[in-house]
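First comes the structure, then the notes that go with it.
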């Protein structure tokens, strides 16, 4: 990965879907990773958006008796509003119905066509309306596809098979290109069989809601050949070469494991055709499960993130989603596990430490940060652990071990709580006010560093904590708390949930 810049993308979400916990997870993850990079002083760009073309959008609009564009315009705000509510700080929100995107899609189609990588052919086969693609007999028999039709029609095809070996070679020579490892192996397994060419058009007689082919106005572009291009159209490809080169290649395309083939086979071969460098890494995370089942509308077990936010607040939801899922594996969501995690990590450990430190400072030091005296072995241990924690967290984040990075910070917070129990400054202050002040300063400074490290995950609550300690900015060097600074009043950071 290019250490001088960080460009991360989420999938562009299908406009017909209602935002759910899966959408929220991927977008929060991108936001957290971007915030960590910015804290490290790395120039960063975070792209998300919506996929607004295709048959399902056309059908939904027809059902309502409105134009597809109006349907998209009415649906898009649900995502924008949720991202605002989740404190998502993206740099760009692209919609595939925007002219800036459609222009580049047509430009790329023409370029691929001119290279001889697109040809016309007649195809007969089974077509899944829900998936908007042709499927095999075996896929049809699996029972996973609904609304299947037999179609025979002329279409345009992309010579994806031509790039099969080149793609295999790239995957093998770039171990981090597809992550985690088991997803890379899955793609390589798929590529062991001959790769079919990709049908990249739909006749307007069947579907007219899409980007028109520049070389035949009777056809529109297959939705995936359109949607994937957002990753380059948003950052200036074909329009602003300097801006494009500033950000490309992407550091990470974050995706769910269900769109692995489109991103790890379709997209790289498309880029190869137009001679553009491949992204650094495509990272496929798991699914959120409810019990043993994947969350899905048909099963009626989809968790609405807005409900969670309204009940518990934004930051606890962000914290839980980041802490609970091991990147690359599935994770189970239950309200019970959420409350347990909230109470143990946030109320008992993190929030309680702030409460103890600030209460004792207000009671015994006129509400100000006390001076620190000579450090004992215990204080030196807290300090050196805090200093090494910064590097540990940075290493974990760069390895996409976000849950482990968070756990390292909480382990440190627990260590500080234990230190407070052992030193008992509430007793010590009666005998040795200076030593008690040193204990409280040490605990407060450790808490400050922990809050700065957790701020990409919980930007709002950590800001409240830092304001309470009169500590502004993101300095991760020990000694950021200024003795004599006045503490600010604050409400309980994480009231216990009963």
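The values are calculated or read from the model by the stated rules, or taken from the named source; none is laboratory data. Since we're looking at a predicted model, the values are computed, not measured. Glycine also receives a Cβ, built like all others from the backbone with ideal geometry; neighbour counts cover every protein chain displayed.
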Exercise. Which of the residues that make up the range 431-489 are more than 26 Å from residue 313 (Cα to Cα) and touching a strand residue (DSSP E or B) at 6+ places or on another chain (Cβ under 7 Å)?
Worked result: 484, 485, 486
For this session: Sort out which residues of the range 107-137 are over 33 Å from the mean Cα position of the chain (by Cα) and assigned to a helix (DSSP H, G or I), and write them in order of number.
Result: 113, 114, 137
Problem set entry | Selection count, the range 210-236, where residues are farther than 24 Å from residue 135 by Cβ and buried (at least 21 other Cβ atoms within 10 Å of the Cβ) | 6
Problem set entry | Among (1) surrounded by fewer than 17 Cβ atoms within 10 Å (Cβ to Cβ); (2) modelled with pLDDT of 95 or more; (3) not in a helix (DSSP H, G or I) - the single one residue 375 does not satisfy | (2)
Exercise. Has the range 243-264 got any residue that is surrounded by 17 or more Cβ atoms within 10 Å (Cβ to Cβ), more than 23 Å from the chain's Cα centre (by Cα) and either part of a strand (DSSP E or B) or in the same structural domain as residue 25 (by TED's automatic domain parsing) (or both)?
Worked result: no
Problem set entry | Filtered residues of the range 167-207 (kept if part of a helix (DSSP H, G or I) and either surrounded by 15 or more Cβ atoms within 10 Å (Cβ to Cβ) or touching a helix residue (DSSP H, G or I) at 6+ places or on another chain (Cβ under 9 Å) (or both)) | 167, 168, 170, 171, 172, 183, 184, 186, 187, 188, 190
